[in-house]
């Protein structure tokens, strides 16, 4: 049972300030990558597959795995602090339903607000929820990575294939040109 749900369609009386995006590194080589999973089926498997590919192909220094215990609640403060203290970039996922897609976007923006570049993975079926949450958070047009729906029904090989398909997009969102580069 859910204690609370994030309603991305709510019309706040006052819009939130735009979340500034964190400066991106030029490369992920030598960086520590956080993997923030929710409890959706295959979320951890997807992030593990992405982490393995980042390690293999991008030369990341390490992976920090964390898991939220709710698909709808914001990332807990202790997990957010842990990720921002230990990681250079964070991958958040997976939005594979309306509520968890909105929550994943909110989590990605919380990480960005803490000064760490983040990318969120959502399935294409729930872009309306994801985009609505980005708008609600004051960050219309927030870039996240989209994968075909559903993720939850895939076997291990299917999850690995999705990770492979989206890897370049993940790297693209987490890294930047010299105009927005972090040291």
- Message: One residue is enough: does segment 15-31 have a residue meeting the conditions farther than 27 Å from residue 141 by Cβ, modelled with pLDDT of 95 or more and not in a loop (DSSP other than H, G, I, E, B)?
- Response: no
- Message: Give me the residue from segment 32-42 that is surrounded by fewer than 23 Cβ atoms within 10 Å (Cβ to Cβ) and part of a strand (DSSP E or B) and, out of that set, nearest to the chain's Cα centre (by Cα).
- Response: 37
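The values are calculated or read from the model by the stated rules, or taken from the named source; none is laboratory data. Nothing here was measured: the structure is a model prediction, and the numbers come from that model. Heads up, the Cβs are rebuilt from the backbone with ideal geometry, glycines too, and the neighbour counts pull from every protein chain shown.
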